[in-house]
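Visitor: Next up is a structure, given as structure tokens.
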């Protein structure tokens, strides 16, 4: 490769300077994208409530670039918190990753919103194929006890309105949507009484 | 020492710049991909319905079995506008729904991918017995407007006059009574969400979903 004497002078030992420059550039870009990927994975919502996480800036014009990017990837077209608050869980109450080989119970009371639903997604964020065509339970469909509380069985097999099908194996996650959230829920979603996610038996 | 430090600093600077640029470009990119998928899906459905695409007719491209063929009038509008500025009813959400990540199986969606460079749009959605919301998203994914039909203002449904950024012209006569909203970007998307509180209610709600309109207004 022809190089001008001027360049050679400017970069002592510069025989390797162009490849080195290229390598630095490629590595830098790769490192930047890798860091972005990690930061999007890590910043799963600033507000924690048991296994649930949310962010009040979702959809808002006040959202920081990181929140905006995370929502774009994980929940595009999510509504702002006046219309809905989205809680996301990929672990049980004890912080263990939700796993298709285990059964779970999602139990609690109506959170402070006009309507709510709990939807199960696979780890790519889409609904899980199942024979019952059942992907969620909601305020309208959930089975309740005499005191108004509910308990949903999350398991690959089951029946009835208290069952939410999970995959036979592999990770999955739950989204709790609270529509028309009340003042208290919006003011402090971290303190709201949200459903527990209790692990049962594992295969 | 110095020979190591300089490339290391350059590496970090490039990484930081990449991180920053990609972070800001990502929402725009994801939004563009999603809206063009919605538009191209609608155009494919419209072609199938209009019978202009012999290969597609009778194929599963028209959606699941419970999703009717696109209405011929709607198909004509979709083809004429290449999927822009027209309300597109989505099939009921199932495990086959892959256009947008984390779709809700409890909602019926209708979408209008807009471009306001030719002027304002009027979006109308009928009142639902369950719940209806209209929301608008800028090209950077910001949800700059959301309203539902639960309040006293929603008993007749919702209507939205969507105007381009900086537009201060008086509301067109055709948009009387509509809520005027200025979009922060020329392009974006409006979504109507109808709550399906019980599967038995689906036919009734599908009929309402098909009455959502999104059209240029003068």
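No lab work stands behind these numbers, since they all come straight from the coordinates. Here the structure is a predicted model, which means the values were calculated and not measured. Cβ sites come from the backbone with ideal geometry, for glycine too, and all protein chains shown count toward neighbours.
Visitor: Does region B:97-177 come out rounded, prolate or oblate by the C-alpha gyration tensor, with a ≥ b ≥ c the root eigenvalues, rounded set by a/c under 1.5 and, if not, prolate when a/b is larger than b/c and oblate if not?
Guide: It is oblate, given that a/c is not under 1.5 and a/b is not larger than b/c.
Visitor: Also, quick follow-up: Please compute the Kirkwood hydrodynamic radius over region A:81-202, one decimal place, Å, based on all pairs of different Cα atoms.
Guide: 14.6
Visitor: Pick from B:13, B:175, B:48: which is most flexible by mean-square fluctuation in a GNM of chain B where alpha carbon atoms under 10 Å apart are linked?
Guide: B:13
Visitor: Suppose only helical runs count, i.e. DSSP H with n ≥ 4. What mean residue ellipticity at 222 nm does that imply for the protein assembly as shown under -39500 (n - 2.57) per run, divided by all residues and rounded to the nearest 500 deg cm²/dmol?
Guide: Per the formula, -9000 deg cm²/dmol.
Visitor: Can you tell me the 0 to 90 degree angle between the C-alpha axis of helix A:17-42 and the longest principal axis of chain A, rounded to 10?
Guide: The two axes meet at around 10 degrees.
Visitor: Turning to a different aspect of this structure: Within a 10 angstrom radius of each residue's Cβ in B:131-142, how many Cβ atoms of other chains show up on average? Whole number is fine.
Guide: 4
Visitor: What ranking do B:190, A:198 get, fewest neighbouring Cβ atoms within 10 angstrom at the top?
Guide: In order of increasing Cβ crowding within 10 Å: A:198, B:190.
Visitor: In peptide B:143-149, what is the residue-averaged number of other protein chain Cβ atoms found within 10 Å of each Cβ?
Guide: Per residue, the average neighbour count from other chains is 5.
Visitor: Continuing with this model, one more query. On the first, second and third principal axes, largest extent first, how far apart are the outermost C-alpha atoms of chain B in Å?
Guide: Result, largest extent first: 74, 47, 35 Å.
Visitor: Using label points projected 7 Å from each Cα along Cα→Cβ, tell me how many nm separate residue B:5 and residue A:184, to one decimal.
Guide: Each label point is offset 7 Å from its Cα along the Cβ direction, giving 5.9 nm.
Visitor: Specify whether the C-alpha gyration tensor of the protein assembly as shown places it in the rounded, prolate or oblate class, a ≥ b ≥ c being the square roots of the eigenvalues: rounded for a/c under 1.5, otherwise prolate if a/b is larger than b/c and oblate if not.
Guide: oblate
Visitor: I would also like to ask the following. Over the whole of B:23-31, what's the average partner chain Cβ count within 10 Å per residue? Rounded to a whole number, please.
Guide: Mean partner-chain Cβ count within 10 Å for B:23-31: 5.
Visitor: Would you mind calculating the relative contact order of region B:25-216 from Cα pairs under 8 angstrom and at least 6 residues apart, reporting the percent as a whole number?
Guide: 24
Visitor: To the nearest 10 degrees, how steeply does helix A:65-74 sit against the main Cα axis of chain A, on a 0 to 90 scale?
Guide: The angle comes out at about 60 degrees.
Visitor: Let me ask you something else. Just want the ordering: B:135, A:169, from fewest to most Cβ atoms lying within 10 Å of their own Cβ.
Guide: Listed from fewest to most nearby Cβ atoms, that is A:169, B:135.
Visitor: Round to a whole angstrom and tell me the spacing of the C-alpha centers of region A:121-176 and region B:150-206.
Guide: Each part's Cα centre sits 32 Å from the other's.
Visitor: With axes computed from alpha carbons, what is the tilt in degrees of helix B:2-50 against the longest principal axis of chain B, rounded to the nearest 10 within 0 to 90?
Guide: Once rounded, the angle reads 10 degrees.
Visitor: Which of B:182, A:94 comes first, and how do the rest follow, when ranked by fewest Cβ neighbours within 10 Å?
Guide: A:94, B:182
Visitor: Considering only chain A, what is the antiparallel percent among its DSSP beta bridges, to the nearest 5?
Guide: 90
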